[in-house]
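Everything on this sheet refers to the single structure shown next.
The values are calculated or read from the model by the stated rules, or taken from the named source; none is laboratory data. Everything quoted here is computed from the prediction, not taken from an experiment. Because the Cβ atoms are built from the backbone with ideal geometry, glycine has one as well, and the counts that use them run over all protein chains shown.
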Amino acid sequence: MGSSWKLGSLFGVPIRMHWTAIVGALFFSGFRIAPGAWLGFLIVILVHELGHALVVKATKQRVLGVEVHGYGGHCEWSGNPTPLGRASIAWGGVWAQMGLFVLALPLAVMFSGGGSSHLDDLLRALTVNNLFLAGINLIPVRPLDGAEAWKLFPLLRARWNASRRSAPRRPVIEVKGPVGAPKATAPKVVNPPAQGGDLSPELRALFAKVAADARDARHKRN
Ligand SMILES: [Zn+2]
């Protein structure tokens, strides 16, 4: 991260800006003197990289820093996430851009065309240009995030299928209620029949008494 300035830290993540970010902002504003558009570009890139950083943290990996530069930005992190975690980290940037879009859209509807061209430029950068950049970034070609991000869906499907295969099968209890009944009655729980030799103490005592009486009767006859 050479030739860059430290802007500050957010949640312990150092944020830096590379000098080429100024060139990028100029390029995306069509080389106009448009501070609103420049600021919007820098905000979109910064939010994108912080989105990556957030998912890096959520997947229990380590964020080393975030840098905004002329051709986008960079979130430096270390760790060894699962393929699913890696694909989620790739999505983090675009997810954050979507969040920014949702927040900025009502502001753009309310305040665009209010007379300030700088504010218009800023709001356009946070909405239309933001979506455009997200779309470009999802093209599945390295080094764009799309190269990694689209693996998320086959990975999620594989995990879903695996969890369905390994789930314990529950016996299906069919409950038939009377026709037209609003609710099926709860199935009756029937105790399993006692196995041989598994008599209750009461029954065992009764059998012992009957046997003793029979013995007594035999003795009396003899
Ligand atoms: Zn990214």
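Of everything in region 40-54 that is among the aliphatic types (A, V, I, L, M) and closer than 19 Å to Asp120 by Cα, the residue that is nearest to the ligand (Cβ to nearest atom) is Ile45. Considering only region 55-74, state which residues are away from the ligand (no atom under 11 Å from the Cβ), surrounded by 18 or more Cβ atoms within 10 Å (Cβ to Cβ) and within 14 Å of Pro14 (Cα to Cα). Result: Val63, Gly65, Glu67, Val68.
Taking helices (runs of 4 or more DSSP H) that do not extend beyond region 124-222, which have at least 2 residues that are modelled with pLDDT under 90 and surrounded by fewer than 10 Cβ atoms within 10 Å (Cβ to Cβ)? Before the answer, list the steps.
Numbers: elements: 128-137, 146-149, 152-166, 201-221.
Filter on region 124-222 gives 152-166, 201-221.
Within the span defined as region 8-26, one or more residues are closer than 17 Å to Trp77 by Cα, small (Gly, Ala, Ser) and either modelled with pLDDT under 95 or touching a Pro at 6+ places or on another chain (Cβ under 6 Å) (or both).
Scanning region 75-100 for residues that are out of contact with any Gly (no Cβ under 9 Å at 6 or more places or on another chain), assigned to a helix (DSSP H, G or I), within 16 Å of the ligand (Cβ to nearest atom) and over 16 Å from Glu49 (Cβ atoms) yields Arg86, Ala87. Checking each residue of region 2-16 against the condition of being surrounded by fewer than 17 Cβ atoms within 10 Å (Cβ to Cβ) and closer than 22 Å to Asp145 by Cα gives at least one match. Close contacts from region 77-94, counting a first residue that is closer than 20 Å to Arg159 by Cα and a second that is more than 9 Å from the ligand (Cβ to nearest atom) and among the hydroxyl-bearing types (Ser, Thr, Tyr), with Cβ to Cβ under 6 Å and a gap of 6+ residues or different chains, come to Pro81/Thr59; Gly85/Thr59.
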